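To start, the structure itself, in structure tokens.
Readers should treat all values here as calculations from the given coordinates under stated rules, not as data from a laboratory. Note that this is a predicted model, so its numbers are computed, not measured. Don't worry about glycine lacking a Cβ; one is built from the backbone with ideal geometry, like all the others, and counts go over all protein chains shown.
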Amino acid sequence: YKRSGSVHGCALLRNTAEAPLLYHVEDVGRHNAVDAITGFMWLDEESGADKIFYTTGRLTSEMVMKAVQMGVPFLVSRSGLTQMGLSMAQAMGITLVCRARVGRHLVYSHAERITRPAP
């Protein structure tokens, strides 16, 4: 993604500082990349309950539904979101973080789950 900007990247991360990256996939189709991560989770019997899912793609209702099916409570994107994606995330209890960059991000739903480290 960083070199060409023409592929979508997805990653599943642990919600910890130690070795957070579990899986990373790049594909020309954002749904293909998400589905590959889902497949790895299924093969490894990996629960999504304490994970963070990151994608370079927009957070649409379809992406939110995939996060729900994966059991992942945090959905993060470097891109934006759609109104339907936001509505679904609010209803389904998914925390949406968009426009995520180093040092900045926008939280759209369930912000109470995000904590800051103590100074």
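Could you calculate the contour length gain from E18 to E112, that is, 0.36 nm times the residue separation minus the distance between their Cα atoms, to one decimal place in nm? Don't jump to the answer; show the numbers that get you there.
Working: separation 94, 0.36 × 94 = 33.84 nm, distance 2.29 nm.
Gain on stretching E18 to E112: 31.6 nm.
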| query | Taking the Cβ-Cβ separation of M84 and V28 as r and a Förster radius of 30 Å, what is the calculated FRET efficiency to the nearest 0.05? | reply | 0.80
| field | Label selected from (i) 45, 28, 21; (ii) 55, 30, 25; (iii) 35, 31, 30, the criterion being Cα extents along the principal axes in Å as computed here | value | (iii)
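Tell me, S87, S109 in order of fewest to most beta-carbon neighbours within 10 Å?
On the way: S87 13, S109 23.
Neighbour counts put them in this order, fewest first: S87, S109.
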| When the Karplus curve 6.51 cos²θ - 1.76 cosθ + 1.60 is applied with θ = phi - 60°, which whole-Hz ³J(HN,Hα) does each residue of segment 28-33 get, with x for Gly and Pro? | 5, x, 5, 5, 4, 5
| remark: Note to self, the chain gives a 222 nm [θ] from helices alone (DSSP H runs n ≥ 4, -39500 (n - 2.57) apiece, / all residues, nearest 500) of -8500 deg cm²/dmol
